[in-house]
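J.: Can you keep this structure in mind? I'll have questions shortly.
All of the numbers you see were taken from the coordinates with simple rules; none came from a lab. Model, not experiment: these values are computed from the prediction. FYI the Cβ positions are ideal-geometry reconstructions off the backbone, even for glycines, and counts take in every protein chain you see.
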Amino acid sequence: MNTQAELPWDRQEIRDSYQEAVSVLKGNDFGPFTKPAPDLYPHQWNWDSGFIAVGISHYDQIRAQRELSSLFDAQWDNGMVPQIVFNMDELGDYFPEPDFWQADRSNEYPDHVETSGITMPPVHGIAVEKIMENASDKAQLDRWLDQIFPKLVQSHAFFYRERDPHNEGLTYIRHPWESGIDNSPAWDPPLKEIDLDSVTIPSYERKDLDHDIPPDQRPGHEDYDRYVHLIDIYRKHNYDESAIYDDCPFLIQDPLFNSILSRSTEGLISVGKYLGRETTQLEDWRDRTCRGIREKLWSEEHGLFFPYDLRRQKLIEVPTAMSFLPLLSRSPSAEQTRELYDKLETCSFCPMHEDSCFSIPNYDMEGEEFDPDNYWRGPVWININWLLMKGLKRHGYQEKFRSVRADIIELIRRWGFREYFDPLSGKGYGTDRFSWTAALLIDTIESLPFRVSDDKSFR
Ligand code: 2M8
């Protein structure tokens, strides 16, 4: 166990970082939800809200509960929790918004909010479990759980009913934005199969480049053309899942998404047991997904997990941080776990932990496409490192767990609450005052040997 003496920061420095993180979250608080960032992302995002709720749960139970309640209030009738719930007070600064999605073509669309027509990695079971652990007002917690738990179960049921065509326990995603790691090099091979010369792209105007972020740190125009083309397919099929399945060129069983799903189901099992509910169905889902990951997404040759392209029926053998995400769950066998750990210790994923090397980059640093400042094509992301940190701990890699934890704290202390960080220099990029960076810093700090929120002089 790490001790106070081994930490490179004193208590006051840690308290200052914690307080700054709280002020970032309060600054982005829009009432029912927290914006991912002040300008670039003005709406409510699905997995962002899950991470945000984890952080807030350490200091404001009711506000953390509200973060998830507002997201699940926008749940579709078929159980899908949308990627974006639109903030109708701030339309115009983001693309695509409701007029482009036209998601109300779906029979499943909610009638009281506007949303996009895709989903995202379901981290909410993890967040609800965390809220339950941190709650001080148990009566309030019980009332809230009673109301949110069935919605969470319904959201998982959606994946197994609508997105698991071969009953393998593996959910597919049908858009890079559903992965959350939008322009990951892993999506290049399937996206390049969409021949832009042979499809008609609806006209559109990007807004993400209006925020002083260098264009080479964002997805390219051809990426956006393909993102938009996929939306056009959904619109033509009125967001009917089975019609989309028949027609969509991008259908991927992704280890990141499925590992999160499985870990989130574990969270629901804990909550279900606490509430005295039947959890057999949840346990079956968890086990089937773990088996699917372990058996179908593993590459013997590479010793890594990869996404499976359902259209082309093959693994996409591109090493990214998501190759390690099954560590978050009970999916990997002991042998697979050892191989993953060995790969994490190679130059590809930054073993040195010297001043010039910060934890786990999102893509193989020796890969051809590695780009240390382009979005999901190389940088370190705090949410992915936070998930991997949990996975390392789960599988007993204490030393590596502590070094990833230290890097999360140090990166943010040096460079601020940035969206992503250069794995070589540490430098922060993308938007500033990014909510999940702040929220997960709070949770990471709370995992240190002393708990800041227990420190009465701090409160
Ligand atoms: C980024 O994605 C959105 C589309 O969902 C965008 O680029 O406009 C991703 O980093 C995603 O994971 C994140 O949830 C979202 C908001 O922070 O931004």
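J.: Which of the residues belonging to the stretch 188-205 are within 23 Å of the chain's Cα centre (by Cα) and touching a residue at least 60 places away in the same chain (Cβ under 8 Å)?
T.: If the condition is that a residue be within 23 Å of the chain's Cα centre (by Cα) and touching a residue at least 60 places away in the same chain (Cβ under 8 Å), then Asp188, Pro189, Pro190 are the ones that fit.
J.: Quick check on this structure: which one of Leu256, Leu268 is under 20 Å from the mean Cα position of the chain (by Cα), of a type outside the set (Val, Ile, Thr) and farther than 18 Å from Trp381 by Cβ?
T.: Details: Leu256 fails: farther than 18 Å from Trp381 by Cβ.
One residue alone meets the criteria, Leu268.
J.: I'd like the full set of residues that are within 9 Å of the ligand (Cβ to nearest atom) and either in a helix (DSSP H, G or I) or surrounded by 24 or more Cβ atoms within 10 Å (Cβ to Cβ) (or both), limited to the stretch 179-188.
T.: Ser179, Gly180, Ile181
J.: For the stretch 139-167, give me each residue that is surrounded by fewer than 21 Cβ atoms within 10 Å (Cβ to Cβ) and either part of a loop (DSSP other than H, G, I, E, B) or within 16 Å of the ligand (Cβ to nearest atom) (or both).
T.: Asp164, Pro165, His166, Asn167
J.: Ok, one more. On the basis of being buried (at least 16 other Cβ atoms within 10 Å of the Cβ), within 27 Å of Trp101 (Cα to Cα) and in contact with a Phe, Trp or Tyr (Cβ under 8 Å, 6 or more places away or on another chain), does Ile252 make the cut? Please lay out each step first, then the result.
T.: Working: buried (at least 16 other Cβ atoms within 10 Å of the Cβ): yes; within 27 Å of Trp101 (Cα to Cα): yes; in contact with a Phe, Trp or Tyr (Cβ under 8 Å, 6 or more places away or on another chain): yes.
Answer is yes for this residue.
J.: Further question: Restricting attention to the stretch 43-63, which residues are away from the ligand (no atom under 12 Å from the Cβ) and either buried (at least 24 other Cβ atoms within 10 Å of the Cβ) or not in a loop (DSSP other than H, G, I, E, B) (or both)? Write out each step before concluding.
T.: Of all residues in the stretch 43-63, those away from the ligand (no atom under 12 Å from the Cβ) come to 53-63.
Listed by number, the residues that qualify are Ala53, Val54, Gly55, Ile56, Ser57, Gln61, Ile62, Arg63.
J.: Could you tell me which of the residues Leu25, Leu40 is in a helix (DSSP H, G or I) and under 20 Å from the mean Cα position of the chain (by Cα)?
T.: Values: Leu40 fails: in a helix (DSSP H, G or I).
Going through Leu25, Leu40 in turn, the sole match is Leu25.
J.: Applying the selection to the stretch 242-263, what residues are within 19 Å of Gln154 (Cβ to Cβ) and in contact with a Ser or Thr (Cβ under 9 Å, 6 or more places away or on another chain)?
T.: Phe257, Asn258, Ile260, Leu261, Ser262, Arg263
J.: For the stretch 71-116, what are the residues that are small (Gly, Ala, Ser), assigned to a loop (DSSP other than H, G, I, E, B) and away from the ligand (no atom under 12 Å from the Cβ)? If you could, list the steps in order and put the result at the bottom.
T.: Step one: filter the stretch 71-116 for residues small (Gly, Ala, Ser), giving 74, 79, 92, 103, 106, 116.
Checking which are assigned to a loop (DSSP other than H, G, I, E, B) leaves us with 74, 79, 92, 106, 116.
Selection gives Ala74, Gly79, Gly92, Ser106.
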